[in-house]
Amino acid sequence: MARIKDVRFSTLNLPLRETFKTSLGEKSVTRNVGVTVDLGDIQGYGEASSSLAMPEATPASMMNVIGKAAGLLIGARLEDWKGIIHDILKRWPKSPTAVSALECALLDAFCRSKGQSIAKYFGGAKKEIETYYTIPALDPSFCTGLARGLSREGFRRFKVKITGKDFAEDLRRIENVFNAGPKHSIIVDANQGLDAKGALNLIDALQKASVTLDLLEQPLPKDDIKGHKFVKDRSPCLIGADESVRTFEDAEKFIAADAAQVINLKIAKTGLIEGQRIAKLVLASGRKLMIGCMMESAAGLSASVQWALGAGKFQFHDLDSFLLLKEAGRSAGFTNRGPLLSLKPKTLGSGIDAL
């Protein structure tokens with residue numbers, strides 16, 4: 001039985017190509033924590049990303065949890081990884097991002113020990129997926145140029161961030177990205193920056209401008225379930241929940257209230273085990289799934305890409321964080337041709353070459 005010999009972790013400071021601005025703030029560098037679980041002949045990698053949406057997950061707080069949890073891992077059997085994560089999450093329930101990094105590292109190592117990829121572990125459903133590219137809430141003219149360049153590289157699906165503070169500027173940014181190339185698809189992500197009236201006014205204005213929305217994501221504050229229900233019942237486009245759903249119980253509440261048609265899952269919010277439970281609940285309710293990310297490196301994003309490829313159940317893929325960084329850093333466990341993400345040949349575990 002393979003047993004865990006060591007757990008190593010360190011901070012990663014990764015500069016972004018452009019300032020990442022949303023209704024929640026802005027940043028030009030993401031400060032993450034990389035984790036390696038070592039069994040001697042096998043290693044596994046996971047990564048915890050800081051996020052504007054989860055400001056409590058600082059590098060210091062995540063390293064503190066990972067450091068303490070490492071003591072529970074060393075000497076444990078790899079085959080018991082699910083139970084280990086369950087126990088760790090019970091101890092640190094308010095630190096899902098840190099725990100998810102350990103979970104990804106354990107699953108990576110487990111799949112390597114079984115001679116399979118993470119995608120195969122989740123079912124091996126798809127060969128390729130297409131990601132949206134996130135346009136930050138920057139000057140609309142700049143966003144036009146950014147979208148045109150990306151369109152020439154084959155990108156046609158865009159997630160446009162808004163601030164909710166300047167209606168005309170938000171509207172112009174969305175219109176510009178939509179019209180920057182042929183057949184562009186648009187998700188608008190408000191990151192809780194609107195109220196119900198503002199959300200419906202924005203949808204109406206975009207309709208009048210002949211801009212078709214795939215989805216309006218998290219328009220209202222995360223705890224405003226009734227408000228989301230109000231907007232959803234009056235909106236011609238799909239309404240999605242992101243920050244509102246961090247746990248299985250959150251998903252149950254949103255579904256019971258019929259407050260959104262789409263639920264966005266992220267490993268950093270829910271982890272993999274809990275994420276799978278939520279995914280089954282969402283699909284059983286007849287709703288759609290989206291998979292997103294924080295600001296993970298290419299290596300850190302590999303588990304999310306392989307979950308999406310393996311499960312094949314997500315209608316929307318927002319897995320572009322590695323494209324937003326100046327340098328990809330450690331090798332990815334997947335390949336990309338523009339927006340198209342696929343598994344590398346003969347992948348084991350996460351597919352990351354060097355740990």
Q) When only C-alpha pairs under 8 Å and at least 6 residues apart count, what is the relative contact order of the stretch 97-205, in percent? A) 23 percent
Q: Distance between Cα centroids, the stretch 282-345 to the stretch 26-58: provide it in whole Å.
A: 16 Å
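Report for the stretch 119-343 the percent antiparallel among DSSP-assigned beta bridges with both residues inside it, nearest 5.
25 percent
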Q) Semi-axes, largest first, in whole Å: what does sqrt of 5 times each Cα gyration tensor eigenvalue give for the chain? A) 34, 21, 18
Q: Find how many whole Å separate the alpha carbon centroid of the stretch 136-194 from the alpha carbon centroid of the stretch 216-236.
A: 21 Å
Q) Which whole-number percent gives the relative contact order of the chain, counting Cα pairs below 8 Å spaced six or more residues apart? A) 20 percent
Q: Please build a GNM for the chain, connecting alpha carbons under 10 Å apart, and tell me which residue among Asp224, Asp108, Asp170 fluctuates the most.
A: Asp224
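Provide His86, His228 in ascending order of the number of other Cβ atoms located within 10 Å of each residue's Cβ, fewest first.
Details: His86 15, His228 27.
In increasing order of surrounding Cβ atoms, one gets His86, His228.
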Q: Determine the relative contact order of the stretch 6-115: mean sequence separation of Cα pairs under 8 Å and six or more apart, normalised by residue count, in whole percent.
A: 29 percent
Q) Using a Gaussian network model of the chain with C-alpha springs under 10 Å, which one of Ala76, Ala284, Ala260 is most mobile by mean-square fluctuation? A) Ala284
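Provide Trp92, Trp307, Trp81 in ascending order of the number of other Cβ atoms located within 10 Å of each residue's Cβ, fewest first.
Values: Trp92 16, Trp307 27, Trp81 22.
The most exposed by this proxy come first: Trp92, Trp81, Trp307.
How do Ser210, Ser297 line up, fewest other C-beta atoms within 10 Å first?
On the way: Ser210 9, Ser297 23.
By the 10 Å Cβ count, ascending: Ser210, Ser297.
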Q: Could you check the simple spin-label distance between Arg337 and Ala205, using points 7 Å along Cα→Cβ, in nm with one decimal?
A: 3.9 nm
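Add -39500 (n - 2.57) for each DSSP H run of 4 or more in the chain, then divide by its residues: what number comes out at 222 nm, to the nearest 500 deg cm²/dmol? Could you put the intermediate results ahead of the total?
Numbers: 11 runs with 137 residues, N = 355.
-12000 deg cm²/dmol, from helical runs alone.
Rounded to the nearest 0.05, what FRET efficiency do Lys326 and Leu281 have when you use their Cβ-Cβ distance and R0 = 35 Å?
The value I calculate is 0.40.
Values in this text are rule-based calculations from the coordinates and carry no lab data. These numbers were taken from a predicted model, which means no experiment stands behind them. Because the Cβ atoms are built from the backbone with ideal geometry, glycine has one as well, and the counts that use them run over all protein chains shown.
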